[in-house]
1. Give the number of residues within segment 138-165 that are under 20 Å from Gly117 (Cα atoms) and of a type in the set (Val, Ile, Thr).
2. Of the numbered conditions (1) acidic (Asp, Glu); (2) touching a Ser or Thr at 6+ places or on another chain (Cβ under 6 Å); (3) under 23 Å from Leu49 (Cα atoms), Glu244 fails exactly one; give the number of that condition.
3. In segment 115-133, which residues are surrounded by fewer than 21 Cβ atoms within 10 Å (Cβ to Cβ), under 23 Å from Asp74 (Cα atoms) and without any contact (Cβ under 8 Å) to a residue 60 or more places away in the chain?
4. Could you tell me which of the residues Arg318, Arg300 is closer than 15 Å to Phe147 by Cβ, modelled with pLDDT of 95 or more, buried (at least 18 other Cβ atoms within 10 Å of the Cβ) and not acidic (Asp, Glu)?
5. Checking the structure you have, find out if any residue of segment 63-78 is closer than 26 Å to Gln257 by Cα and modelled with pLDDT under 95.
6. Please find, among Val150, Val164, the residue that is farther than 30 Å from Asp284 by Cβ, touching a residue at least 24 places away in the same chain (Cβ under 8 Å), among the β-branched types (Val, Ile, Thr) and crowded, with 16+ Cβ neighbours inside 10 Å.
Amino acid sequence: MKVIIVTEGGEIGGLGHVQRCLAISQAFEEKGIKSKFIVNGDDSIKKVLKEKNCQICNWLKKRNEFFGLAKKVDIVIIDSYLGDISFYKKLSELARVPVYIDDNKRLDYPRGIVVNGGIHARELKYLKKDSIRYLLGNQYAPLRKLFWEVRGRETRDEIESIMVTTGGHDPQNVMPKIVKFLKVNYPVLRKDIIIGNAFGNIDAIKREIDQNTSLIYFPDTKKMKDIMLRSDIAISSGGQTLYEFARVGVPTIAFLQAENQRLNLEAWDKEGFIEYVGGYNNLDKKISQGLDRLLLRKERVKRSGIGMRSVDGQGARRIREALLTYENQAV
């Protein structure tokens, strides 16, 4: 069986698409099925997809070359904010099993399988079609392999450590401001600051650290999971990492970094897991208010439980099984 995964990411678009596609490929590998990645991005992608069969190219400009490949494989998975409807329609004509990873009902998708693992997915009211199968909801959230199984974590009486991440990049340059705020207002806390592959402001961040601040450069999945397990709370943007925080049970103060994160954040806020503080402007005051709400241990215990009940880590496996079933029916 041949599987192609088509996506985008890097210094401009971040790494969220790539990370969740990696999770799906790991689920296929569990069954001995290898995937080929075709990524519209830069060299930062290679660090994430090391040891994977990965081609970096602008598949939108080389679409005819890509369509030639699509005819020769069994399953084609595309995760994109850039692909236009004509690209998707052509893909649906060529691929036996076309799969579209979606977040916010971006397109009126053609024949195939639409996967939206967001906690808000069912509220989008996708148009029912006989030619489309939908895999919707947080039970299909594709988490990387090391998050499939997670041991329990302790909730301490007081907050001692905090983890901060904006994903693979920091497009709004908020990390230096957050680090400075924590240094001034919470000097005794242990602060683990995640530096992504595509950060362009590392020197500015370094200028704001104190003796209790650790800069974690380009952590792999194991390192990220280890830091989550030892953190009492987190500060995060609203992307894919929220589902990993939920899986581990880390109460999270979350902010809107890009408009496409809004529905995801609002749904997690409604669920009761995150403390949603809105946009990235005036983050100092918002983070302070969020921290005040998470001071009580019973509040953190409650939110941790909500997160772990919402995400069980098996989303990538569920996606794989659904695609294999669909592929067998297509044959």
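1. 1
2. Failing condition for Glu244: (2).
3. Lys129, Asp130, Ser131, Ile132
4. Arg318
5. No, the conditions are met nowhere in segment 63-78.
6. Val150
The rows are residues; the columns are (1) out of contact with any Cys (no Cβ under 7 Å at 6 or more places or on another chain); (2) assigned to a helix (DSSP H, G or I); (3) of a type in the set (A, V, I, L, M, F, W, C); (4) over 30 Å from Ile202 (Cα atoms).
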position	(1), (2), (3), (4)
Ile5	no, no, yes, yes
His17	yes, yes, no, no
Cys21	yes, yes, yes, no
Gly32	yes, no, no, yes
Ile38	no, no, yes, no
Trp59	yes, no, yes, yes
Glu65	yes, yes, no, yes
Val73	yes, no, yes, yes
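The values are calculated or read from the model by the stated rules, or taken from the named source; none is laboratory data. What you see is a predicted model, and the numbers here were worked out from it, not measured in a lab. Virtual Cβ from ideal backbone geometry, glycine too; neighbours counted across all protein chains shown.
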